[in-house]
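Notes for the one structure printed next.
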């Protein structure tokens, strides 16, 4: 195989490694954010339930309603804590971090090949591709949102992709806002009753 084919194959592989590495970095950041939000929400809901219980001691006129709501909220909090634990955000984030560090090593190895392209063989490229495949198969795949975030940061995102990414980000903000506000609204109506 001639040098131009090797150069094209190497450039193509390095581009894949770079994009995958950046997407895995975004995936790690996303999972770290989810872990932090999950911890905040679990503590927030615990605080709301505790506040309801204390309010029940202070105002016994709604004690039965507050007790029923506290029990329901406690069961929901229990289920939420099991769900959050099963998602293993922190462990998955660490796996992505390990993956993108290995991808960085592969990228650097490929860059070294570029500096001495005449010595690059088809076998070298095959070995580098095999290393890349082993690394990406060692951890779950990143989400399309992670990939779109990489494209956005590189100013390579299309209009439809950008609208979809923006819609997902806005939806996430609304979801988190609802998760935070719904208990406060319920507490307000229970206390006012």
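How many residues are within 28 Å of residue 24 (Cβ to Cβ) and without any contact (Cβ under 8 Å) to a residue 12 or more places away in the chain if we restrict to the stretch 73-93?
Qualifying residue count, the stretch 73-93: 6.
Condition (residue is under 30 Å from residue 177 (Cα atoms) and in a helix (DSSP H, G or I)) applied to the stretch 96-117: is it met by at least one residue?
Scanning the stretch 96-117 turns up at least one residue that is under 30 Å from residue 177 (Cα atoms) and in a helix (DSSP H, G or I).
Scan the stretch 138-173 residue by residue and report those that are farther than 18 Å from residue 15 by Cα and outside any helix (DSSP H, G or I).
Result: 138, 139, 140, 143, 158.
Which residues, counting only those in the stretch 109-148, are more than 22 Å from residue 91 (Cα to Cα) and touching a residue at least 60 places away in the same chain (Cβ under 8 Å)?
110, 111, 113, 114, 117, 118, 120, 121, 122, 125, 128, 129
Condition first: exposed (fewer than 11 other Cβ atoms within 10 Å of the Cβ), over 24 Å from residue 96 (Cα atoms) and over 18 Å from the mean Cα position of the chain (by Cα). Now tell me which residues in the stretch 133-176 satisfy that.
158, 159, 160
For residue 87, work out the one condition from (1) modelled with pLDDT of 95 or more; (2) closer than 24 Å to residue 16 by Cα it doesn't fulfil.
All conditions are met except number (2).
The values are calculated or read from the model by the stated rules, or taken from the named source; none is laboratory data. The structure presented is a predicted model; accordingly, all values stated were derived computationally and were not measured. Here Cβ is always computed from backbone atoms with ideal geometry, including for glycine, and neighbour counts include all displayed protein chains.
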